[in-house]
Amino acid sequence: MTPPRIAAVDCFVLKLPSAERYLGPIGDSADPTPPAYAVRPPWRSIYSPRFETLLVRLSTADGTSGWGEALAPVAPEVPAEVVRRLLAPALIGTDPRRVRPLSAALRDLMRERGHLGGHQADALAAVDIALWDLAGRLAGLPVHELLGGAFREHVPTYVSGLPRPTDAERAALAAEWAAKGVDRIKLHLGQGPAADLATVDAVRAAAPQVRLAVDAHWAYDLAAATRLARGLTAVGGVEFLEAPLAPEDLTGHADLARRTDLPIAVGEAMRHRYEILPWLRQRAVGLVQPDIARTGITEAMAIAELAAAHHVATAPHHSVGLGVALAAGLQVCAAVEQLTYFEYQPTTTEVSQRILTAPLPGGPDGFPVPAGPGLGIEVDVPTVTALAEES
Ligand code: MG
């Protein structure tokens, strides 16, 4: 029998409007010509008012397709160009069942030039996910079976964010979630230790049964992060402190981890096993949070295994990735042994389902592991094609 060969590589850049913004309002809503991207102080990154992403489709000559997605929340045109110019020529004609050898070969194309991160990594992640999806479809097996089998049939989640401008409104929203049975919520903070602790107090008072976590969005120096960590420990019932210091400050995170009992969570900015290893060795991280649409499935699994070897659990990140990224995250969550929970994004999930023929079932209390071949989803190709033309 002739082995399957990749015959086409297609990119789809999407920029979807949504009534509700990820993490709440962005920019000046009265501005008649808002910028494409804006910073939300005190956070330092730029955000888009739309849901921007890159989808990649790999197809064999017989018409079987696999889909991947890069978490590319700003300028997804850039990783699309990396896929078209650098990765597609190396993929055409190859056997997509050789997922790991192909991913390794693609990683090596720009490796000695220092391109294992950034937009190159976005492109690699999307292609890696598409390879796993395509290999699964060709085998008639879900990706988690290709990875060795599911440790669980249901992926537990926590609710990420209370996107309201005041503590009173955040507390009210937390109470709404608690009334629906939600028992874990992460707060997106970084407004200063005193303000953050006031938010935690307000939310705790409104929803005392909910366990909390805090994402500080890299806002603090070591002294401020230490004050916050100690305050959160005193409050009790806080699961982890995420991204307290600058993302490249390994030593600072290690110092902080020694000063607090609270697990320090990082990983959403990391792309591969070599990046996380020194953090684990220096005990700078107590919970690892790879985003599958930034690492790909191959590297997410490698990161989770390395973390497990250091007795650190994995809690995959999920932010504005759409349905393909969500399904890829769920496949990894099924296959990771030391998993705590997956990030559930209320504002993203509705938007993410728009590109699928049938929505992924699940919600704030978790998702069933998709059981169909590949990622276990069907991408709505006419919708994706039309959305890419509008974007
Ligand atoms: Mg985060």
The answer for GluC sites (Glu not before Pro) in region 127-199 that fall in a DSSP coil and have at most 14 neighbouring Cβ atoms within 10 Å is GLU153
Rounded to whole angstroms and listed largest first, the alpha-carbon spread of the chain along its three principal axes comes to 65, 49, 40
Log entry: pair-distance distribution for region 125-199, C-alpha pairs binned every 5 Å from zero, whole % per bin is 3, 12, 16, 13, 10, 8, 10, 13, 10, 4, 1
Full extension between ALA195 and ASP108 adds, at 0.36 nm per residue less the Cα distance, a length in nm of 26.8 nm
Of the convex hull enclosing the alpha-carbon atoms of region 6-140, the direction-averaged projected area in nm² is 9.9
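Please work out the ratio of the alpha-carbon Rg of region 303-391 to 2.2 N^0.38 Å and round it to two decimals.
1.19
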The rounded separation in angstrom of the Cα centers of region 357-391 and region 225-239 is 38
Here region 46-54 yields Karplus 3J(HN,Hα) values (6.51, -1.76, 1.60; θ = phi - 60°; whole Hz; Gly and Pro given as x) of 7, 10, 9, x, 10, 8, 9, 7, 10
Highest mean packing first, using Cβ neighbours within 10 angstrom, the peptides 199-208, 290-299 sort as 290-299, 199-208
Chymotrypsin sites (Phe, Trp or Tyr not before Pro) in region 107-214 lying in a DSSP loop, each with at most 16 other Cβ atoms within 10 Å of its Cβ, come to PHE151
Restricting to Cα pairs under 8 Å and 6 or more apart, the percent relative contact order of the chain works out to 19
For region 207-219, in residue order, the Karplus 3J(HN,Hα) values (coefficients 6.51, -1.76, 1.60; θ = phi - 60°; whole Hz; Gly and Pro = x) are 9, x, 7, 8, 7, 10, 9, 10, 9, 8, 6, 6, 7
One point scatterer per Cα, no solvent, Debye formula: log10 I(q)/I(0) for region 344-391 at q = 0.16, 0.25, 0.32 Å⁻¹ comes out as -0.51, -1.00, -1.20
Over all viewing directions the Cα convex hull of region 155-242 casts an average projected area in nm² of 5.3
Here region 379-391 yields Karplus 3J(HN,Hα) values (6.51, -1.76, 1.60; θ = phi - 60°; whole Hz; Gly and Pro given as x) of 6, 7, 5, x, 5, 4, 4, 5, 5, 5, 5, 6, 7
Full extension between ARG281 and VAL235 adds, at 0.36 nm per residue less the Cα distance, a length in nm of 13.6 nm
Which residues qualify? For GLY366, with a placed amide H closer than 5 Å and at least 5 residues away or on another chain, they are THR157
Placing each pseudo-label 7 Å from Cα in the direction of the beta carbon, LEU222 and ALA246 end up separated by a distance in nanometres of 1.3
The long-range amide H neighbours of VAL39, using H built 1.01 Å from N in the peptide plane and a cut-off of under 5 Å, are TYR47
Taking only C-alpha positions in region 154-375, Rg and Dmax in angstrom work out to 16.8, 49
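Throughout, read-outs are computed from the coordinates displayed, never taken from laboratory work. A quick note: this is a predicted structure, and the numbers were derived from the prediction, not measured. Please note: Cβ atoms are built from the backbone with ideal geometry, for glycine as well, and neighbour counts cover all protein chains shown.
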